1. How many Cβ atoms of partner chains, on average, are near each residue of C:68-78 if near means within 10 Å of its Cβ?
2. Specify the angular offset, from 0 to 90 degrees and rounded to the nearest 10, of the alpha carbon long axis of helix B:129-138 from the longest principal axis of the alpha carbons in chain B.
3. What average number of partner chain Cβ atoms lie no more than 10 Å from the Cβ of the residues making up C:282-288?
4. With springs only between Cα atoms under 10 Å apart, run a GNM on chain A and tell me which of A:71, A:141, A:201 wobbles the most.
5. Quick one: net charge of residue A:183's neighbours, Cβ under 15 Å, K/R +1, D/E -1?
6. Please say if the stretch C:404-532 is rounded, prolate or oblate, where rounded means a/c under 1.5 for a ≥ b ≥ c the square roots of the C-alpha gyration tensor eigenvalues, and otherwise the choice is prolate for a/b larger than b/c and oblate otherwise?
7. Taking chain C as the reference, fit the longest principal axis to its C-alpha atoms, fit the long axis of helix C:44-56 to the helix C-alpha atoms, and give the angle between the two in degrees, 0 to 90, nearest 10.
8. Quick one: which residues, 5 or more positions from residue C:265 or on another chain, have an amide H under 5 Å from its amide H? H modelled 1.01 Å from N in the peptide plane, none for Pro or chain starts.
Amino acid sequence: MNFTLKIWRQKNGADKGGLVTYEVKGISPDSSFFEMLDMLNQQLISQGVDPVAFDHDCREGICGTCSLYINGRPHGPLKGVTTCQLHMRSFQDGENIFIEPWRCGAFPVLKDLIVDRSAFDKIIQSGGYVTVNSGGIPDANAIPVPKHDSDASFDAAACIGCGACVASCPNASAMLFVSAKVSHFALLPQGRVEGERRVQNMVATMDSLGFGNCSNTYACEAECPKEISVANIARMNREFLAAKVFAEKEKTISFSM
Amino acid sequence: MALAGLFLVVFLLVHLGINLLLLANDDGRAFSAAASFMGTNPVIRGMEVVLFGGFLLHMLFGLLVSIRNRASRPVRYQHRNLSETSPLSRYMLHSGIIVTIFLALHFIDFYFIKIGLVAPPAGVERHDFYHRTLVLFADKGYSAAYMVGFLFLGFHLNHALQAAFQTMGFNHTKYTGAVKAASTIYSVVVAGGFMIIPLWVMFSR
Amino acid sequence: MINLNAGAPKGPLAEQWASYKSGCKLVNPNNKRKLDVIVVGTGLAGASAAATLGQLGYNVKVFCYQDTPRRAHSIAAQGGINAAKNYQNDGDSVYRLFYDTIKGGDYRARESNVYRLASISPQIIDLCVAQGVPFAREYGGLLANRSFGGTQVSRTFYARGQTGQQLLIGAYSALSRQIAEGNVTLYNRRDILDVVIVDGKARGVIARNLVTGEVERYSAHAVVLASGGYGNVFYLSTNAMGSNVTPAWSAYKKGALFANPCFTQIHPTCIPVHGEFQSKLTLMSESLRNDGRIWVPKEKSDVEKLRKKEIKPTDIPEARRDYYLERRYPAFGNLVPRDVASRAAKERCDAGFGVGSTGLAVYLDFSDAIKRLGREAIAARYGNLFQMYEQIVAEDPYKTPMMIYPAVHYTMGGLWVDYDLMTTVPGLYAIGECNFSDHGANRLGASALMQGLADGYFVLPYTISNFLSAEIHTPRIDTGLPEFESAAKGVRDRLDALKNTNGKESVDHFHRKLGKIMWEYCGMARNEAGLNKALGLIAELKAEFAANVCIPGGLKEYNPELEKAWRVQDFIELGELMVRDALQRNESCGGHFREEYQTPDGEAMRDDDAYAFVGAWEFTDGGSAPELRKEELRFETVTPSQRSYK
């Protein structure tokens, strides 16, 4: 198979960047999208051209590193897969393929197709955990958890943090990512304890990082490679409103010894 | 924004109810009585202020959020975004702006006359909305513009109502389908209901 | 030859760890703040260790090459995590888990470590549940278990097919909390290229900032390596593209011993290679062998026709199929352990009966199971795996047999560590897959996650204070010390040399070549002649790489080719050591199968008299061959026996 690739090239964060056209020939329909890019890079190296930089690691759809915006859709045309699980048989022979990085002010481009997603880490650091230490833990079966809640929690926790939700959202909103984490904990008794604090802190951090707002287009759900549901966004909204209305003021205790 | 929007949703239903009284074959008595009640009852007068506040808030928030949303993607994609989305949900700002323009016309034609800012056309009394309506809808161009305005309001509402539920935190495996259906029914009823009136004026009189 | 001493405590196994823990030296909270610890890697071991050390009050610096700690390759583990909880009341106990692990490892692991691992396992589950890991549950709300290969009890906890992901997110959450509290500083997108030794103690690392290309120095009172395994030496493996041996290899070159490098695990059920440009292999869970039957055609003529696509596998009648596992191992059939199943597949393909376009695949057929149980039942059990297979291969496994082939999956070897998990360099620790581990010559399913978290949450935080308690008077280490100066210079020089080679071939070219050598001569089956040949080939490859590698782009920028070049150069050197180790071990055990040492019917033959030891290699400067040192393995609790699956 042959393809015409229009790839975003940008030397570094300060560079302006632009689309560059490349031709690749003789690609097996069974090769993955990244193997096709590998072939392009081998071709570029032999011509002495700087190869295209793109993020990838596990190549089995679980690490969430890959982040290509292909023909106007994050992770390409298929539903429920990451870029690394995409194969060339999903494209037409001779097709023009546009490849761009995720676009969001909070995800600055580092080089070519690689963006910096540490904004997601900052959101998690602001509350995406249960405050427990590794000692003094009760037995794992001490608190029963309804199977339905546990399964729903897993569904939310299956988020791989790739950022396709942000990339697809017309507003570059991170609501699906944040709500998946809020839901993961909100559905478990272990996470409920600090639920009010978590949702307020995580939402505040998300807002401060420059992501857009949710206008319920649900593009995120359509593009999420793990098919995380927007019901999580509603749950976060619910948690957030309830926390804003009902949560007591945080008490600052100072103690001297 | 969702809260203000939900408030407007209720207002629209009341407004529609009163407007539909136009259709009663009583030479506008019921309609005029309702209009006069709405225009004189102090509670309603108070609500009017709240209503304007609601409109302004809804528009203000809508604008602010849209500006922020655009700013969150300073460099845009080269390829058109092809992600599948909830129908017309991408165009809420656009349909909102069209509805706002319509609203401005509507104010000039009705509300500003009522409060005396604009002089009523010849032969129609300032508080006589019934005849004012008949005069306006006699103009086919005006009627068409009026209907287009409501068509966009319908699009706006179709997404708005179910989105407001989602934003307020209501999403349930059993009931969300019903909310979406109700949202569509509501938008068809409201848009269609308002559009019947010019049609009625055009074809039955 | 100097024998190594692990420093394991004396006394009955069951009491060793408890009494040892009570005897560990402590560091007071005020002093912990003044002590820096570097952790390299953020997989299960690294993230859990960094989080726990931060929680204890140490000042931790944690490094990963990925953009965020949550992407480390532990995330790809599917099946589950073992723990001796005995929630099923099916007779499980700490002792049984210990015994299964020692036996599964073909009696090449240290009893004291394995027992400690088994005794810690229940705590891991408690902690993970408290962290909010959504393990599978029964309708009553309590935790569910499933069974796994090599055991007769159900002790595996799981979160659908994504247990590794959920556990890693738990550890990443704990780590994130410590970062927010200021106890841990995260350095992402950094490659650790050297370990700095000052006065005989590990005191820091040299990193390359992958975004800016800057060579950076970081100091600490102790260094913990949790950089994972080295399966990518084979080029094609189930590891992530970035998984590398570099931090461990730089430690080896700075004096840490590298133990049992030839012990690699080859997983029998992976999706076969489809072509020259393949970059990565995908694992299909071992559970498939519960219902799938493995076969190849009996007749070469059928093989020919299959390859030419003249017939379909379903056209071959029952009588012309060779269910070779059922034929060779009637008692266990398709459920023989990983190493046995892998070798049998290779044997058939080598004999010319392999299927698929490359001839390197065998069929895994579900048609009998579908006939017996119905399509629905099979879909309920393996639906997601079938989907994944169809996604990659574009064939429907409900209608036509799957094609599978063994692939490199895990490496049991790694840096030698004592009972404290400290390498032979004081202050330098290795945890998780990075160390030579508790798995001996073969790892049981669902035990890697257990070991990583045990090391990070519950072992290292205790044992590291034995070393750090003596460091409370050592001020912060200055990165301007001459040792840092020379290490940084060494790194810069090597980067310059790589960049200035200006050869003709890309890094991948050499990596693929290395992979082929390793797979051919040091893969599933090895022999003396082949290993000797490999030594020569690797030496040639090393020279060719040095003369002819081509790296475009600059040093001071994001340069993925440069990153790969450094890693591949280390892999080439490691490959040589693996071959030496495989040559040295004149026996077959676990993942190490020497063709000369097999029973008449082709089974692995251990030699407990001569080889019941850990082979740890010491780097020697100046190009001379590394030296082998041994840690004798004494089995005081279990008695080694020959495995049989007939």
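Where a number appears in this text, it was derived from the coordinates with a stated rule and is not lab data. Computed from a prediction, not measured in an experiment: that's the story for all the values here. Note that each Cβ is placed from the backbone with ideal geometry, even for glycine, and that neighbours are counted across all protein chains shown.
1. That average works out to 5.
2. Tilt of helix B:129-138: around 70 degrees.
3. 1
4. A:141
5. Net charge around residue A:183: -2.
6. Oblate.
7. 30
8. Amide H to amide H, under 5 Å and 5 or more residues apart or across chains, residue C:265 pairs with C:409, C:410, C:411, C:412.
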